[in-house]
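The values are calculated or read from the model by the stated rules, or taken from the named source; none is laboratory data. Note that this is a predicted model, so its numbers are computed, not measured. For neighbour counting, all protein chains shown are included, and Cβ atoms are generated from backbone atoms with ideal geometry for every residue, glycine included.
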């Protein structure tokens, strides 16, 4: 076994999930994540955790969902599993990122709604998502398999404590702020097409919300490995936002998304491609048209877009917004926030012609934070 | 997908497990059983069942067990999963039948003891074990992959209702009987070696026990697909038994096992090879030295030994005994029976020089039942 797989497992089990002896752990294994599952099982055995391993196969899900009449109910045994779990480790890495592309959107939505209590139980554990590099993910990223493996381990095997210190500064700004404004100007000449405007000018409230210093560890309320972002749960957005980074929503390629927010909700949307998949998401429930997350990517170890939200949203010089569910960690104690069944992130490149303002003060311009060299107020 | 995989899934879900809408089903998927898992998921979706899919990877188990210090505890989340499940479908079919061969016996035993309540919860569901044909199982069987696939589907895709009728006759004999005697004479000249005697002469009580007409369906208290055996839970064995069919116990090849029973317990044992693995099993707990099962193979669709208990014990012209746990279905209401953490079957070929007596009357001689043509009293 490649020693990096074992290092990955060790970071996941110890730094990210903080597994202790006696913890009841669920390990969710995607079709291509077998090797990482073996390495993780070795660490979990050594730490004295109790393990249930689930098979998160996209092909199994597709077959099940397509055959179902759509009248889903909550699976009591699944709920019991997660209600009794301390941690859930999601080992992604499938064999075809489009494996569920022909499952109808309404089937997905119905299944997601029925599984909401299960999802909630999972979210109440010390869960962590990571991926094992597979050929399918390399293909999605437009890379060779070897190159992609290097990319993943460069992003995962980092000095997480040092990055956590860098990110603490951004968290402080957001925690003390009341309103965020994102601005991105359109400098490239438009060609007269009727496509959506590519500008962003969006304000949103963050008053009373707590930002998460997402340092790839549950000890930081951070649930992704790799991570390297600071995020909070905004509300009452007003304005327009354009997302120029391509993404894949439920197996469909979506590109150049434009959202219009009025009175805190998406009132209009468009996408250059994949608009129907986006529409399916927005129609899931009421919360799906409201914001759930504002995230600022600060992991400069991730040096390119790979069409994977786990990596893309962490990349330095990017900002992302999610429609749907908000993370509890960002909310005041006891407040529900956006409890949608979905959470879909959309990313915009802020390396040029962009700025982030908090309460009228520029915090980042063209990807440079105000505490960094080269910052222009 | 090979249409036979879909037929297999249909027999499993409908005939064997009798899945209804709303059932909470666990599907346990071995490393090589992906295709069958997809076909089963399709049927379960169509029937409206709720599904949790677990990954039963031998390599994951090996890594976990070898790294563990041996102080296992019951996994609360795993127990909750099975206590809330209606059915468990075990889809066997690994990639290496010796994948766990280097896990120490005492580690296995300790893990089995800690998991006993989980095992019990699983046994209380409508569980069914089957296998997907893999290259590893073909290798174990000494067959090509194509030949082995034919073998599996010939055994699985049968007229189960017709076989159930044939077996009802044997069940009646056992249900009405009090004592079974197995006799197998040694006719081949011994070469003066010091190896164990190859004869069997064993009596055991079956008074008050109920035989199972194992017709591959939970409706018949039968939990294997394929099946085709009639079994009961004997007790108070006295005498000697020799098992000439090779087997694999926890990854170790075991051959020519001889057990001596006195006062209902194994007091001496020997094996031509794999004796230590056998000893590990017998040392698991108290019940591991007592009998749990007497089974009479009646599936003549299975035409050869393949070193797989799921098939071998069902083959016509064989009888098997298991040390360890007895199946509840054989026991009087409320009686505990043998509740060992293990259940290990051992098979003997009764096609020659053999007879089965129930209360002094010969029921089968040299593989021919007394209701069949050619039977010699």
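Tabulated values for the structure
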quantity	calculated
Strands (runs of 3 or more DSSP E) enclosed by segment B:281-377 - at least 2 residues per element that are closer than 21 Å to residue B:266 by Cβ	B:291-297, B:318-324, B:343-349
Conditions (1) more than 22 Å from the chain's Cα centre (by Cα); (2) more than 8 Å from chain A (Cβ to nearest Cβ); number of the one not met by residue B:95	(1)
In segment A:120-135, the residues that are out of contact with any strand residue (DSSP E or B) (no Cβ under 7 Å at 6 or more places or on another chain) and over 18 Å from residue A:310 (Cα atoms)	A:120, A:121, A:124
Test: residue in segment A:80-92 that is within 11 Å of chain B (Cβ to nearest Cβ), more than 20 Å from residue A:223 (Cα to Cα) and surrounded by fewer than 22 Cβ atoms within 10 Å (Cβ to Cβ)	no
Selected residue (only one of A:265, A:286, A:352, A:272 is surrounded by fewer than 21 Cβ atoms within 10 Å (Cβ to Cβ) and touching a helix residue (DSSP H, G or I) at 6+ places or on another chain (Cβ under 8 Å))	A:265
Matching residues in segment B:21-41 - criterion: being crowded, with 24+ Cβ neighbours inside 10 Å, facing another protein chain (nearest Cβ under 8 Å) and under 16 Å from residue B:7 (Cβ atoms)	B:37, B:39, B:41
Residue among A:138, A:155, A:168, A:162 that alone is surrounded by 22 or more Cβ atoms within 10 Å (Cβ to Cβ) and part of a helix (DSSP H, G or I)	A:155
Scope segment B:47-71; condition crowded, with 19+ Cβ neighbours inside 10 Å, more than 7 Å from every other protein chain (Cβ to nearest Cβ) and over 16 Å from residue A:54 (Cβ atoms); matching residues	B:47, B:49, B:58, B:62
Residues being without any contact (Cβ under 8 Å) to a residue 40 or more places away in the chain and closer than 23 Å to residue B:111 by Cα - total across segment A:14-24	3
Among (1) at pLDDT 95 or above; (2) buried (at least 24 other Cβ atoms within 10 Å of the Cβ), the one test that residue A:214 misses	(1)
Residue that is surrounded by the most Cβ atoms within 10 Å (Cβ to Cβ), among those in segment B:225-250 that are in contact with a helix residue (DSSP H, G or I) (Cβ under 6 Å, 6 or more places away or on another chain) and outside any loop (DSSP other than H, G, I, E, B)	B:230
Number of positions in segment A:112-124 that are over 17 Å from residue A:29 (Cα atoms), within 13 Å of another protein chain (Cβ to nearest Cβ) and buried (at least 18 other Cβ atoms within 10 Å of the Cβ)	3
